[in-house]
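The values are calculated or read from the model by the stated rules, or taken from the named source; none is laboratory data. Everything quoted here is computed from the prediction, not taken from an experiment. Quick reminder, even Gly has a Cβ in these numbers, built from the backbone with ideal geometry, and neighbours come from all protein chains shown. In case anyone asks, the SASA skips ligands and DNA or RNA and just uses the protein heavy atoms, side chains included. Shrake-Rupley method; radii C 1.70, N 1.55, O 1.52, S 1.80 Å.
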Amino acid sequence: MALSVHAVVNTVLAMASATLSTVVFDQVFNDGVNDVFDTCNGLLGGLVAVTAGCAFMSNWAALVVGVISSIVTKKSAEFMLYMKIDDPLDAFSVHGANGILATLYVGLAARPDLIEQHYAFDYHPKGHWGLFYSGSSGSLILIQLQGVLAVSVFVAVAMSTWILLMTSLSAALRSSRAKKKEDNDAPSTRAVAAGTEVAGATGLLGMVRSNLRMSSEAELVGADYVHHGGSAFELTKAQIKMHNEMRNAQDRLARRGKVKAERKASVKANGSRVAAGESKAEEAKGMQTGGAFTVPVRKTSPGTTPTDTPSTGRSRENSSESLSSTGTGSSTATGTAAATTTGTKVAAAIARTHSGTVVVDPDQEVYDVE
C-alpha cells in the first residue's frame, strides 16, 4: 500500500514539474508565447517519463525527470520537423522519446530500499539499483538499455516490413488503374501527371515516398476529404468562418513580420554602402565631413497625436542623395551645400510620409477582419 501511494505522489510531482518547465521554456525561448498545445504535451511527457520508475524513485528524482522530460519533448519535436517526418500530434515526442527516457531513468534513480520491495528482488544480482546511489553494480542500467534496444529493433523491423507491404500493394493498385485510364487520356494530360510525381522518386525508397506522401494541395484540403469521403467532424458555418478568419489573420501577421524584417535588412545594407562610398570620396578629395546629422522624426500610431523625437543617422532617402552628391561634387563647398539640401529633403520627406499619404512602418497598419 505504501509503495502505491509513493507511486501516485511521484506521478503528480513529475507532471507538475514538466508542465511548469514547459511554460518557463516557452517564456524564455519562445518570445513569451505559451502554446497550450505544447503545454499539454509537456504535461503528458512528464507522466510518461515517470511511469516506469514511479514506485522506486525518490520525490526529488520525480521532479528532476519531469524537468528533463519537458526538454526531451521540445527537442524531439524539433528534430521530427527537421527530418520532415509527419507527426502532427507529436506522438513520438510524448510517448516514444519520453518512454525511452523513463526506461533508462530507472537504471539511474532506482532507490535501494524501494527496489528491495520489487517482487523479483531475490533474483536480482548484488547492487541492482540506480547509479545515483553508492554500491550500484550497474546491472540495472544495462538491463534497461538492453530493453530499449530490443524494442527499438523489433519496432523498426516490424514497421519496415509493414510499410513495404502496404506501399507495394498501393503501387500495384495505382498501376492497374493508370493502365485502364491511359488509353483515354490525352498526351498532354499524361505529361502533366508525369510531372506531379515525387522528385527523386526512384528505386525502393522512391516507391515508398511516392505512395506515402500526398500533394501539398491535398494536405491543405485535408486527407479526410480527399481520401475518406468527408470530414470526421461536422462543422457549422460559423466555425468554418472563424477558422478562415484566424488563418487570414495569421497570414497577415506573417506578412507584416516579413516586410519589417526585409526593411530592416535593406536599411542596414544601404547604410553600409553609403559609409563605404563616403570614405572613398574623402580619401580621393581630402574632404572633411561632419558626423551624422539629427532630424526630427514624427512617430504616429492610429488614434494618437504625432510627437517629435530626435533620430540620428541617415535615412534611405538621405543615403541615396549622399551617394550622388559625394560622387559628383568637385569641392568642399559643393559637398556641404549638397548635404544641407539633402537634410532639407529628408525633413520634407518625413513630413510627407507621416501626413497620412504613406505608411512606412508595418506596425502602424491596422487590419480588420471582415
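Data table
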{"quantity": "Residue that is farthest from the chain's Cα centre (by Cα), among those in segment 65-83 that are without any contact (Cβ under 8 Å) to a residue 40 or more places away in the chain and under 30 Å from HIS128 (Cβ atoms)", "calculated": "ILE68"}
{"quantity": "Lone unmet requirement of (1) open to solvent by less than 10 Å² (accessible area, probe 1.4 Å); (2) within 25 Å of ASP113 (Cα to Cα) for LEU63", "calculated": "(1)"}
{"quantity": "Counted residues, segment 114-135 - those being farther than 24 Å from GLY46 by Cα and either among the polar types (S, T, N, Q) or out of contact with any helix residue (DSSP H, G or I) (no Cβ under 6 Å at 6 or more places or on another chain) (or both)", "calculated": "12"}
{"quantity": "Neighbours by Cβ (under 8 Å, 6+ apart or cross-chain): first from segment 217-238, within 16 Å of PRO88 (Cβ to Cβ) and open to solvent by less than 70 Å² (accessible area, probe 1.4 Å); second among the hydroxyl-bearing types (Ser, Thr, Tyr) and in a helix (DSSP H, G or I)", "calculated": "SER231/TYR225"}
{"quantity": "Residue match in segment 71-93 (condition: touching a His at 6+ places or on another chain (Cβ under 7 Å) and over 30 Å from VAL208 (Cα atoms))", "calculated": "no"}
{"quantity": "Members of segment 29-63 found to be among the hydrophobic types (A, V, I, L, M, F, W, C), in contact (Cβ under 8 Å) with a residue 40 or more places away in the chain and under 17 Å from TRP129 (Cβ atoms), listed by number", "calculated": "ALA52, CYS54, ALA55, PHE56, MET57, ALA61, ALA62"}
{"quantity": "Matching option when the condition is in a loop (DSSP other than H, G, I, E, B) and among the small types (Gly, Ala, Ser), among ALA55, ALA14, ALA7", "calculated": "ALA55"}
{"quantity": "ALA265, sole failed condition from (1) at pLDDT 80 or above; (2) on the phi > 0 side of the Ramachandran plot", "calculated": "(2)"}
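Let's see how each residue does on (1) open to solvent by 60 Å² or more (accessible area, probe 1.4 Å); (2) of a type in the set (A, V, I, L, M); (3) under 33 Å from the mean Cα position of the chain (by Cα); (4) under 27 Å from SER58 (Cβ atoms):
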site: ILE100; (1), (2), (3), (4): yes, yes, yes, yes
site: ILE115; (1), (2), (3), (4): no, yes, no, yes
site: HIS118; (1), (2), (3), (4): no, no, no, yes
site: PHE154; (1), (2), (3), (4): yes, no, yes, no
site: TRP162; (1), (2), (3), (4): yes, no, yes, no
site: LEU165; (1), (2), (3), (4): yes, yes, no, no
